1. For peptide A:117-129, compute the average count of partner chain beta-carbon atoms within 10 Å of each residue's beta-carbon.
2. For chain B, what is one quarter of the convex hull surface built on the Cα atoms, given in nm²?
3. Spin-label point model (7 Å from Cα, Cβ direction): what's the residue B:220 to residue A:38 distance in nm?
4. To the nearest whole number, what is the average tally of beta carbon atoms from other chains within 10 Å of the beta carbons of peptide A:182-190?
5. How high is the FRET efficiency between residue B:182 and residue A:323 when r is their beta carbon distance and R₀ equals 60 Å, given to the nearest 0.05?
6. PRE reach from residue B:87 (point 7 Å along Cα→Cβ): which of the stretch A:106-121 fall under 13 Å by backbone N?
7. Using a Förster distance of 25 Å, how high is the FRET efficiency between residue A:364 and residue A:315, based on the Cβ-Cβ distance and rounded to 0.05?
8. Using only Cα atoms and rounding to the nearest 10 degrees, what angle (0 to 90) does helix B:228-256 make with the longest principal axis of chain B?
Amino acid sequence: MRCAKAKMTTRRLLFLPQKAAGIDLRKITYIPEVFEMNKELINLVDISKSFDGEMVLDELNLNIHENEFLTLLGPSGCGKTTTLRILGGFVSPDKGRVVFDGKDITNLPPNKRQLNTVFQKYALFSHMNIAENIAFGLKIKNKPKSYIDDKIKYALKLVNLEGFEKRMPDSLSGGQQQRIAIARAIVNEPKVLLLDEPLGALDLKLRQDMQYELIRLKNELGITFIYVTHDQEEALTMSDTIVVMNQGYIQQIGTPETIYNEPENAFVADFIGDSNIIDAVMLEDKLVSILGTKFRCVDTGFGRNKPVDVVIRPEDVELVAPETGIIQGTVTHLIFKGVHYEMEVTANGFEWLVHSTGMFPVGAEVGIKVDPFNIQIMNKPASEDEEAAAIEE
Amino acid sequence: MIRTVARKIYIILIFIFLYAPIATLMILSFNASRTRAKWGGVTLHWYISLFDNREILQALWNTLFIAFISSFIAVVIGTVACIAINYMGKHKRAIVMGITNIPMLNADIVTGISLMLLFISLGIKLGMGTILLAHITFNIPYVILCVMPRMKQLNPSTFEAALDLGASPAYAFFKVVFPDILPGVLSGFLMAFTMSLDDFIITHFTKGAGVDTLSTKIYTEVKKGIKPEMYALSTIIFVTVLLLLFLINKAPKEKLD
């Protein structure tokens, strides 16, 4: 764990992971420009926090840029919400500093911070109508009435709830309440909006609609969004940058594409999407032995005969005629999923998960082929401690 | 058929058993004759002479003053305590709630005597001040009992949301948290007021000489010989407490709408 952590703390968001250097750049389809253009807005420096003697965050370092949509992603208890609450000022870290726009705000109370939060359970003020809710922050800042009225109109228009001024929060649906909560936060023109699983309580369809809504909002407002979720799909859809966390440590920082295509360890691979994670040995540069069979790959620099983990996404496993495959196996399960078929193929003693638009019936003999490019090599966890952290979820 | 009739008779008997003494008292308070033995016609004479009695009016004033001030202070202390209890961990909260509940179950006479001993050992002169302190003490648990359920229903994020929008902690509390717990605070106040109003034993032990509330006044008067004015006074107290209890049960529901 110690070695992995050191690597994370030195990594700068500005650079792509070192491993990418040896990879065909065609694979990287999208490098957000914001990374190169925008300056750092928030720095979390060596943040540690424990509750009742239990370590929640351990020397966390994270830099957040202006106008970035950054998602903290991880299972419950991974420290993502604590990180957000430290940013909002609701929790003070045991150790470390929070730097906002060059100024140390570690000990600044929440009401003095230039960021606003959207809470998971909406947290609207139930005895005030919608207009009063939205005006709450502006009234504290003694803004003139005409200014406040304009802002309320503008904010309601932005969240597509025009004409809701006189309604009471109780009379709104969950999705509408959450949009009011967002409106209430953004009228204060924060530089950063913190969102704590804001879509967690909504049903699937509404959640998907709100994802697009949030991306639109972020683009219209041009501010930084820091978003906490345990839903990997939400993270992949909306983010510029995803920070995958587990057990108080950052596992990987990167664009959705990097996180998905080049997971750095078994935890990330397993948490983001479906994957085949297989024990393997790196024989030499660009050659790996998976389940006793040699596969060509594109990774270099792991040394000779080094044990590694290999990730192959189910959609990257090609099923072909037995004689043309690199290894041969038998189809054991078949499920129709709509867009694709999901199959399980037993080959060399491993259950391969395969997503494919082509179908092979159960019992069919098939060959398995994998493009060298789609084999992702990962270092084995450095210690048992890290392995435990990765597997436990 | 017989069963329903039997049921009705049974319930009527229970109500007679419960309310016959009070009904007797109320009827006698309107009796023009001085003796309990015979009915001399309806009169309001005892009520009128009651309000001519300077001592009784003083006792009435004392009672209302103590009830109002002690429940107000108890509400402030109790509400603040609830905020703190609400932020405690599960285990600590259970312990603190247990401790606050004990005084309510404790016999009044024990509470009264122990308070009296405490005041005397501290060298505090018994009088209005000690009655007030005693009433505040026994009222706090009732306030906590009423406010706590409201507090638990509160979404903890609303307070944080107010801070987040720039409110100071005090402003956030009064603007956002307080309106939500207000029904609980109000019923806590009324409950404490009622408890204070009809307390006799604790007041009796902590009042000192020369200070009287209605209940202690009635007690001394009755010792001297029962006057019909006392029936009138008791009737007034009963009706007041009844009204207050009615309000306590009514208040939270109205607020919820």
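1. Average neighbour count from other chains, rounded to a whole number: 5.
2. The Cα convex hull of chain B, projected and averaged over all directions, gives 20.5 nm².
3. Placing both labels 7 Å along Cα→Cβ, they lie 7.8 nm apart.
4. Across A:182-190, the average partner-chain Cβ count within 10 Å equals 1.
5. Taking R0 as 60 Å, the efficiency between residue B:182 and residue A:323 is 0.15.
6. Answer for this model: A:110.
7. 0.85
8. 30
The values are calculated or read from the model by the stated rules, or taken from the named source; none is laboratory data. Only a predicted model underlies this, so the values are computations on that prediction, with no experimental measurement involved. A quick note on method: Cβ atoms are made from the backbone with ideal geometry, for glycine too, and the neighbour counts reach across all protein chains shown. With ligands, DNA and RNA removed, areas are computed over all heavy atoms of the protein, side chains included. Shrake-Rupley method; radii C 1.70, N 1.55, O 1.52, S 1.80 Å.
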